Amino acid sequence: MKRFRSTGAKVAIIGSIALFVVLWTVMIVAALTGGNDPFQLTTLDPQGPFSTLIDNLVAPVFIIAGLVFVGVLGAILFIVLRYREKGDPELDTAPMPKQTHGHTAAEITWTAIPAAILAVVAVLTAITILDLAAEEPDSLQVEVFGQQWWWGYRYDLDNDGRFDSDTDVETATELVIPVGRPVQLSVTSNDVIHSFWIPALNGKRDAVPGLVSPWKLQADEPGVYRGQCTEFCGLSHANMRMLVRAIPADEFDRWVADQQQPAAEPTTELAQQGLSEWQNNCASCHLIDGVNNEQLAENPAALVSGIAPNLTHLMSRGTFAGSIYNLHYPNPAGNTQPFGATCTFEDLRNCGDPADAGLPGNPDNPVYRPALEAWLRNAPAMKPMAPDEGRGMPNLGLTQTQIDAIVAYLETLK
Ligand code: CUA
């Protein structure tokens, strides 16, 4: 049994092996359990044909990379152990072994093998890129725009190539799509570069101001698929989330018909009062079709509408504020645990039943008033924003009476 000369060398080798084992264990565990993340931000659990294309590319590339890794590391370990200095004093005076520098055959070989491996990876990658770029027939056309720090969506429902016809609809934060039908996205930005990413449904696509980038999504099953802006875009980049609600085609048709309606007229006295409070406090930034959209058309300079999410059918969404807060209670329905005074800013995201932590609100459930009220009370405390620079909602200094009225009005916006 040969022995190492110094304990330092032993520590280095054993330490390296331990680190190697730990890193690989972490990576393999992460790859195997990625799909269990309640926020679903994993690309390794594809839920649609386009994300499946990507997953089908990940597997062979991972296998090739793994074989190269094991081969190279194995060769290094073999040489290190086989030819290590063995404490033999005669070796110190032995002549240099034959040198191979400039060995043409060896150099061609170790250039050609990696080139061939990379050529295989390049072909597989190019096929996937072309498949992802191909136009899908009979797709739903949606414009996606990023803005500090939320996402907006405009549906071209009459297929005239524009997203602002009378029958088209605009929504924010949540993208509603029909199951099993491809959705063709036109991704752009109103300010800085963002990146649109619903990992379960496709890879990411940058949202660049002044540029329209095509992208597509499709979901195989009804469900909620979360996403996250993946290009650093300032203060609340981490809070610039989105989600996709995939629903059956007939339900989607009903959703479209509802969205095409102008906002409901408030009927109760409190809600009417809320509408006038809304006009006074919110209407210079938010837009409600049938309330202030005509003012915008007549005198765009009077309004900065369009810099905040369109609220016409606010209550059809389960989440708000860049999808970081629940607007409705999450499933299971009937979760009405009240929001206590002790619920802090951080908990507010998950207040309600702790078992529902991280679950997205369901628009069919009751409104989760604590989050909505807290937002109206002091929005910048709920999400870092820069209202002084026209980015995000300011603290409007509303009284509880005003908040109650505005909430009563917002609740009518189904
Ligand atoms: Cu938008 Cu990061």
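The values are calculated or read from the model by the stated rules, or taken from the named source; none is laboratory data. This is a predicted model, so every value here is computed, not measured. Heads up, the Cβs are rebuilt from the backbone with ideal geometry, glycines too, and the neighbour counts pull from every protein chain shown. Note: areas computed on protein heavy atoms with side chains; ligands, DNA, RNA excluded. Shrake-Rupley method; radii C 1.70, N 1.55, O 1.52, S 1.80 Å.
Rolling a 1.4 angstrom probe over the protein heavy atoms, how many square angstrom per residue are accessible across the chain?
53 Å²
Beta carbons within 10 angstrom, averaged per residue: use that to sort the peptides 272-279, 240-247, highest first.
So the peptides 272-279, 240-247, ranked by packing, come out 240-247, 272-279.
Mind checking the full-extension length gain between W110 and T267? Use 0.36 nm per residue of separation minus the Cα-Cα distance, one decimal, nm.
Working it through step by step, the gained length comes to 48.7 nm.
Suppose a student asked you for the relative contact order of the chain, using Cα pairs under 8 Å spaced at least 6 residues apart; what percent would you report?
RCO, the chain: 14 percent.
Roughly how many nanometres apart are two label points built 7 Å out from the Cα toward the Cβ at E294 and D388?
3.9 nm
How much length is gained if the chain between V256 and L73 is pulled fully straight, taking 0.36 nm per residue apart and subtracting their Cα-Cα distance, in nm to one decimal?
60.2 nm
Using the charge dipole of the chain (Lys, Arg: +1 at Cβ; Asp, Glu: -1 at Cβ; taken about the Cα centre), state which of V291, P199, S186 has its Cα farthest towards the positive end.
Positive-most Cα among the choices belongs to P199.
For a test of understanding, tell me how many lysine pairs in the chain have Cα atoms under 16 Å apart, given they are 8 or more places apart or on different chains.
Total qualifying Lys-Lys pairs in the chain comes to 4.
Go ahead and run the numbers for FRET between M96 and S6, Cβ-Cβ distance against an R0 of 22 Å, rounding to 0.05.
Computed FRET efficiency for M96 and S6 comes out at 0.35.
Residue separation times 0.36 nm, minus the C-alpha to C-alpha distance between L235 and S186: what's the value?
In short, 15.1 nm is gained.
If r is the Cβ-Cβ distance from Y83 to W24 and R0 is 35 Å, what FRET efficiency results, to the nearest 0.05?
Calculated transfer efficiency: 0.85.
Could you sort 382-388, 253-259 so that the peptide with the highest average Cβ count within 10 Å comes first and the rest follow in order?
The packing order, highest mean first, is 382-388, 253-259.
From the square roots a ≥ b ≥ c of the eigenvalues of the alpha-carbon gyration tensor of the chain, which class results: rounded (a/c under 1.5), prolate (a/b over b/c), or oblate?
prolate
Percent antiparallel among DSSP beta bridges with both residues in region 121-217, to the nearest 5?
Of all bridge pairs located within region 121-217, approximately 70 percent are antiparallel.
Kindly rank 94-101, 205-212, 395-402, 110-117 from highest to lowest mean number of other beta carbons found within 10 Å of each residue.
So the order, starting with the most tightly packed, is 205-212, 395-402, 110-117, 94-101.
How much of the accessible area of the chain, probe 1.4 Å, is carbon plus sulfur, in whole percent?
Its accessible area is 62 percent carbon and sulfur atoms.
Mind running the shape call on region 198-237? Use the C-alpha gyration tensor, a ≥ b ≥ c as the square roots of the eigenvalues: rounded below 1.5 for a/c, prolate if a/b tops b/c, oblate otherwise.
oblate
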